[in-house]
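Working notes, structure below.
The values are calculated or read from the model by the stated rules, or taken from the named source; none is laboratory data. Here the structure is a predicted model, which means the values were calculated and not measured. Cβ: placed from backbone, ideal geometry, glycine included. Neighbour counts: every protein chain shown.
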Amino acid sequence: MGKVKASEAVVKLFENWGIDHIYGIPGDSIDTMVEALRKEENKIKFYTVRHEEVASLAAAAYSKLTGKIGVCLAIGGPGAIHLLNGMYDAKMDHVPMLVLVGHIPARLTGTDYFQEVDTVELFKDVAVYNKEITSAESFPTVVNQAIRTAYQERGVAVLSIPDDIALGEISDGAPQLSTVFEKKIPGLVQNDLNDAVALINSANNPVILAGVGAKSAKKELRAFAERISAPVAVTLPGKGAISDDHPNFIGNIGKIGTKPAYEAMKSADLLIMIGTDYPYAAYLPEGAKCVQIDIDPLKIGKRYSVTVGIVGDAANALSNLTEHITPVADRPFLKTCQSKMSTWWKWMTEDQDKKQTPIAPEALMAAIESISEEDTIYSVDVGTSTVWSTRYLKVSEKQDFIVSAWLGTMGCGLPGAIAAKQAFPERQAIAISGDGAFAMVMQDFVTAVHYKLPIIMIILNNKQLAFIKYEQQSVGQLKYAVDFGDIDYAKFAEACGGKGFRVENYEDLQPALEQAKASNVPVILDVEVDVNAAPLPGKIVMDEAKGYAKFTAKSITENHKLEKMPPMKTVVRRFL
Ligand code: FAD
């Protein structure tokens, strides 16, 4: 019987699990794993990024888009620490991730060696599986358990690998370890389904709230909503669970949401939550009955007082309910929602029609939509870019829309687009970021160039942390520490070997986007947007109005000037 290096046996296992790429940066403590990956480079592609944070954010995005495990790799110490942000993104948005980090040689552990960081301790809070490899023999078995656990728990599995152990040899006759994994999906309970049917049949004003868990049940969600003629609101990461132009769609809820969704929630007598852990209770109905469908029993009743909980897969549960509920062809409540929604879209169109310079972010979204394709993947960043994209881009069920929803980390736009283009080379990948967010990861635009991933990177350039400025103002504080200097990102794109367009005038916007679309290389569109564009909530509540009034008074008394206010017409429409 022959011998094989443990690292090489493990790489074979990765292949058996269907892992075909890894994002990372090599280095001394992980070099043996990297050497084993090199030998299989035709089967597992290594994407060398320029900062480890981008590796983990891209791995998280890949998993959000495909449901498959995202894999990233770094040295121990600093490399491992840099991975943390993307690892938390995966943890908080519940997607499987495998993280391989190097470690100092086992024989030196505990000697305060160069770059010695206790990675098991470091990753305790973020990981669902977190082991240091202690022997070459057990390495493959531990890898299998790590991957299974990441899938089952929808979280991050970390392996800290001392380089000398990866180098160790094991028998090549070791029994083939099984990579079969059967995900545990809870079976539906008939009584719960019956109770839900009774509640739905007796409701006059049911509202559906679809979250990211409903995205695996788009067809079933549509059929269910149409069968009972119910309006459908979506959470931010749930955008795309039903097409924005579906007649039952009433938009997002929350600050980012629409006024019709807010009002529908306030007059609902039944809330039907599907695949969502939506956190902002103030936007949910007051005292309505509630049916909640979730694959995770711990989520039932976590945010809202639930009358009937259905534990199970959204697609199965919705098919069953659709089959058994009494169809409603004509529901006055839906008609009211639809009429409010048509007014809402009229307002949105007015916003998007602003043909001004500096460019209105709303108009930019219309222009982006005009070059989008049937199955475009939008990777949206955190900041005002989140608000403009969520509110103004009409996303369809065939498209994808991803964001760092729970961690809310800036800088997720570019890594998401890299992952999108890698996973789906034939689909258009558009990233939308503010200049603040993009600058946090901009070095990795060159990664897209290097690997010939023709993404379209849109930057809303206002030389400001505009979302933070808006937060300060809406609680009555004065703008502080949010301004920064300008970078010409178009020149930067060219310096990286991609294409860049600096767009300062409205007239140049559409032609630049058309050229970006036609380019077969990564492109940056650096768009100077109106610094005064305020990302107002869809429904302005009293506290926000008071905060803004306080800010205005303060800027007069302390700064002796009246700051530019959002248009009064918009404020009044959204407030009343
Ligand atoms: P999750 O919390 O991830 O919940 C998904 C649920 O689906 C889980 O409970 C899971 O168990 C379940 N599930 C998964 N698969 C299945 C399946 N097959 N069948 C059944 N269940 C399944 N969000 C808003 O909605 N409105 C806002 O205004 C808003 N503003 C934001 C602003 C910023 C700048 C940022 C960064 C984020 C904002 N968010 C907003 C996002 C917010 O923080 C939450 O992440 C989001 O509301 C949670 O959405 P969710 O419930 O769909 O996802």
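A few comments on the model shown:
- The listed residue being within 16 Å of the ligand (Cβ to nearest atom) and either more than 18 Å from VAL54 (Cβ to Cβ) or assigned by the TED database to the domain that holds THR376 (or both), out of GLU494, GLU514, GLU471: GLU471
- Qualifying residue in the range 40-55 (condition: closer than 22 Å to GLN145 by Cβ and touching a residue at least 60 places away in the same chain (Cβ under 8 Å)): no
- Across the range 493-522, the number of residues qualifying as touching a Phe, Trp or Tyr at 6+ places or on another chain (Cβ under 8 Å), farther than 13 Å from ILE368 by Cβ and crowded, with 17+ Cβ neighbours inside 10 Å comes to 6.
- Search result, residues across the range 38-68 that are buried (at least 24 other Cβ atoms within 10 Å of the Cβ) and not hydroxyl-bearing (Ser, Thr, Tyr): VAL49, GLU52, GLU53, VAL54, ALA55, LEU57, ALA58, ALA59, ALA60, ALA61, LYS64
- Considering only residues in the range 99-141 that are closer than 20 Å to VAL10 by Cβ and touching a Phe, Trp or Tyr at 6+ places or on another chain (Cβ under 9 Å), the one that is surrounded by the most Cβ atoms within 10 Å (Cβ to Cβ) turns out to be VAL99.
- Pairs where the first residue, in the range 271-285, is in the same structural domain as ALA217 (by the TED database) and the second is within 11 Å of the ligand (Cβ to nearest atom) and assigned to a strand (DSSP E or B), C-beta under 6 Å, 6+ apart: MET273/LEU209; MET273/GLN292; ILE274/ALA210; ILE274/ILE293; THR276/LEU209
- The range 289-310, residues that are in a loop (DSSP other than H, G, I, E, B), in contact with a Pro (Cβ under 9 Å, 6 or more places away or on another chain) and either within 7 Å of the ligand (Cβ to nearest atom) or touching a residue at least 40 places away in the same chain (Cβ under 8 Å) (or both): ILE295, ASP296
- Entirely in the range 311-376, the helices (runs of 4 or more DSSP H) that have 2 or more residues that are in the same structural domain as VAL212 (by the TED database) and within 16 Å of the ligand (Cβ to nearest atom): 314-324
- Checking each residue in the range 48-72 for being in contact with a helix residue (DSSP H, G or I) (Cβ under 7 Å, 6 or more places away or on another chain) and of a type in the set (Ser, Thr, Tyr) picks out SER56, TYR62, SER63, THR66.
- Qualifying positions in the range 205-228 - crowded, with 20+ Cβ neighbours inside 10 Å, among the small types (Gly, Ala, Ser) and more than 14 Å from the ligand (Cβ to nearest atom): ALA225
- On inspection, ALA264 fails the criterion of being touching a residue at least 40 places away in the same chain (Cβ under 8 Å), in the same structural domain as SER396 (by the TED database), closer than 28 Å to SER385 by Cβ and more than 10 Å from the ligand (Cβ to nearest atom).
- In the range 377-401, the residues that are in a helix (DSSP H, G or I) and under 15 Å from PHE438 (Cα atoms): THR384, SER385, THR386
- Pick from the range 207-242, criterion more than 17 Å from the chain's Cα centre (by Cα) and not hydrophobic (A, V, I, L, M, F, W, C), ranking: nearest to TYR280 (Cα to Cα): PRO231
- Residue in the range 360-378 that is of a type in the set (Phe, Trp, Tyr), crowded, with 21+ Cβ neighbours inside 10 Å and in contact (Cβ under 8 Å) with a residue 24 or more places away in the chain present: yes
- Search result, residues across the range 169-204 that are of a type outside the set (D, E, K, R), more than 16 Å from the ligand (Cβ to nearest atom) and within 19 Å of PHE224 (Cβ to Cβ): GLN190, ASN194, VAL197, ALA198, LEU199, ILE200, ASN201, SER202, ALA203, ASN204
- One residue from PRO237, PRO247 being part of a loop (DSSP other than H, G, I, E, B), buried (at least 20 other Cβ atoms within 10 Å of the Cβ) and not β-branched (Val, Ile, Thr): PRO237
- Residues within the range 442-461 that are away from the ligand (no atom under 16 Å from the Cβ) and buried (at least 23 other Cβ atoms within 10 Å of the Cβ), tallied: 11
- For ALA90, the stated conditions hold: it is at pLDDT 95 or above and in contact with a strand residue (DSSP E or B) (Cβ under 7 Å, 6 or more places away or on another chain).
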